[in-house]
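A.B. asks: Quick one: the structure is below, and I'll ask about it shortly.
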Amino acid sequence: MDFNVKKLVKEAGTALSRVVQLTEEKLGTSEKTELDAQFESLAERSDLTKQWTERLVKNTESVLTPNPGNRVEDFIFEKIEKKKPNRLSNLEYLGLDMIEAGNEFGQSTPYGSALIKVGGTQQKLGQFERDMIGSAGLCYIQPLRKFLDGEMKTVLKERGILESKRLDLDACKNRVRKARSMIGQQSKEGITPELMLEQAERDLRIAQSEFDRQAEITKLLLEGVASSGAAHLRHLQELVATQVRHYAQCHRVMQDLQKELVALGGPSPYTPVNTNEAMDSPPSSPQSQKARILFDYDAKDSTELSLIADEIVSVWECMIPDVDYMIGERGLQRGRVPKAYLEILQS
């Protein structure tokens, strides 16, 4: 194998010069060329973008695919450019067991028929979930990964080159200073201080030119990273749209299932009611009662009413009966109040 000895020697000398320069900077014995404030601001913004994009991708993957083993398997299949395994979700496994149990209990029995219907719905929900995960990967995770593996890696590479150019520049500056300090001294090895200074200044001009050119290239790339927020916002909006479609599908299917179960002769399903709406609805007079507060009570959230011992408030049962709470009213204030803090007064 042929080796370019001169090239190897030159590269080794350059690498050694950079190490020496970096060491002297760390020790505080050599000056360091600083980049302008705008460049530093762009670099800081780039680091922040990289850090948070990596965390968002990782956390989104954890939410969409909670099983770490499955995430590793998907990653390996992506790297070898093979299709991901079409594994069933937990909901689909649950659906299969429910259908099997329903068949065992008998399709003609209310319970067996209900199990089969619920199992079929669980399978649909599992399929919806897998579709949502796939869509979220395409519209959000993959674009962010592409950004990290493409644009961000290029920026890091060019910043590394710029740091090397900066070390070369500062090493040349040190050689110029050293050569100038030797003017008037006896020459060594047949090279006069004047000739050494001329060579050092020529190297400095070349190093400065290369540093300036690399700084401009890197700055343009950093500006590109700074403007990437618009694209990332679009990907985020697509993720939200995917989730909206998914939950709307799930809600519609569950409502249909609820109606089918009622048709089988079961009790009317529980219908969630907005607590604030329930509290806004004025009680009918026969249900309203007066109660004395036994102890002070601090509301845990905006749906509850804070209480003061010995005050009198109006109370009535919640629209959805609750064994622990009633609705209380003090002037224009309304909220849930714990029954244990109330003494109902006889009218």
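A.B. asks: Sort the following peptides by mean Cβ neighbour count (other Cβ atoms within 10 Å, averaged over residues), highest first: 301-307, 117-123.
C.D. replies: Details: 301-307: 15.1, 117-123: 20.0.
The most tightly packed comes first, giving 117-123, 301-307.
A.B. asks: Something else about it: Pull out a ≥ b ≥ c, the square roots of the eigenvalues of the alpha-carbon gyration tensor of segment 11-238, then state rounded if a/c is under 1.5, prolate if not and a/b is larger than b/c, and oblate in the remaining case.
C.D. replies: Numbers: a/c = 5.39, a/b = 3.95, b/c = 1.36.
Since a/c reaches 1.5 and a/b is larger than b/c, the shape of segment 11-238 is classed as prolate.
A.B. asks: Next up: Quick one: length gained pulling Arg145 to Leu332 fully straight, 0.36 nm per residue minus the C-alpha distance?
C.D. replies: On the way: separation 187, 0.36 × 187 = 67.32 nm, distance 5.28 nm.
Computed gain between Arg145 and Leu332 is 62.0 nm.
A.B. asks: On full extension of the chain, what length is gained from Ala230 through Lys300, given 0.36 nm per residue of separation minus the C-alpha to C-alpha distance? All intermediate terms of the calculation are to be shown ahead of the outcome.
C.D. replies: Details: separation 70, 0.36 × 70 = 25.20 nm, distance 3.93 nm.
My answer for the length gained is 21.3 nm.
A.B. asks: Order 124-130, 39-45 from most to least packed using the mean count of other Cβ atoms within 10 Å. Mind dumping the intermediate values first?
C.D. replies: Numbers: 124-130: 18.4, 39-45: 15.4.
For the peptides 124-130, 39-45, the packing ranking is 124-130, 39-45.
A.B. asks: Run the reach check for Lys117 against aspartates and glutamates, Cα to Cα strictly under 15 Å, same-chain hits fewer than 8 apart removed. What comes back?
C.D. replies: Straight-distance partners of Lys117: Glu92, Asp97, Glu100, Glu104, Asp256, Glu260.
A.B. asks: Fully extended, how many nm does the chain gain between Gln237 and Asn103 (0.36 nm per residue separation, minus their Cα-Cα distance)? Intermediate values should be presented prior to the final figure.
C.D. replies: Values: separation 134, 0.36 × 134 = 48.24 nm, distance 4.34 nm.
So the extension gain works out to 43.9 nm.
A.B. asks: Still on this structure, I have one more. Could you list which residues have their amide H under 5 Å from that of Glu304, counting only those 5 or more apart in sequence or on another chain, with H placed in the peptide plane?
C.D. replies: Answer set, sorted by chain and number: Arg336.
A.B. asks: A further question on this structure: Which order do peptides 166-175, 144-153 fall in by mean Cβ count within 10 Å, highest first? Please list the in-between numbers first.
C.D. replies: On the way: 166-175: 21.2, 144-153: 15.3.
My ranking of the peptides, most packed first, is 166-175, 144-153.
A.B. asks: Turning to a different aspect of this structure: Which whole-Hz ³J(HN,Hα) couplings does segment 224-235 yield from phi under the Karplus relation 6.51 cos²θ - 1.76 cosθ + 1.60, θ = phi - 60°, glycine and proline marked x?
C.D. replies: Calculated HN-Hα couplings, in order: x, 5, 4, 9, 6, x, 5, 5, 5, 4, 4, 5 Hz.
A.B. asks: Determine the alpha carbon to alpha carbon distance for each of Lys32/Lys219; Lys124/Lys259; Lys32/Lys178; Lys259/Lys300; Lys50/Lys173; Lys153/Lys173 and list only those over 24 Å. Let's see the in-between values first.
C.D. replies: Numbers: Lys32/Lys219 19 Å; Lys124/Lys259 16 Å; Lys32/Lys178 16 Å; Lys259/Lys300 35 Å; Lys50/Lys173 33 Å; Lys153/Lys173 30 Å.
Correct reply: Lys259/Lys300; Lys50/Lys173; Lys153/Lys173.
A.B. asks: I would also like to ask the following. Please arrange Trp52, Trp316 by how many other C-beta atoms lie within 10 Å of their C-beta, fewest to most. Mind dumping the intermediate values first?
C.D. replies: Values: Trp52 11, Trp316 18.
Taking fewest neighbouring Cβ atoms as first place, the list is Trp52, Trp316.
A.B. asks: Now for a separate question. Considering amide H positions built from the backbone, and no H for Pro or chain starts, which residues 5 or more places from Met326, or on another chain, come under 5 Å of its amide H?
C.D. replies: So Met326 has HN proximity to Val337, Lys339.
Since every read-out is calculated from the coordinates, none of them should be taken as a lab result. Nothing here was measured: the structure is a model prediction, and the numbers come from that model. For neighbour counting, all protein chains shown are included, and Cβ atoms are generated from backbone atoms with ideal geometry for every residue, glycine included.
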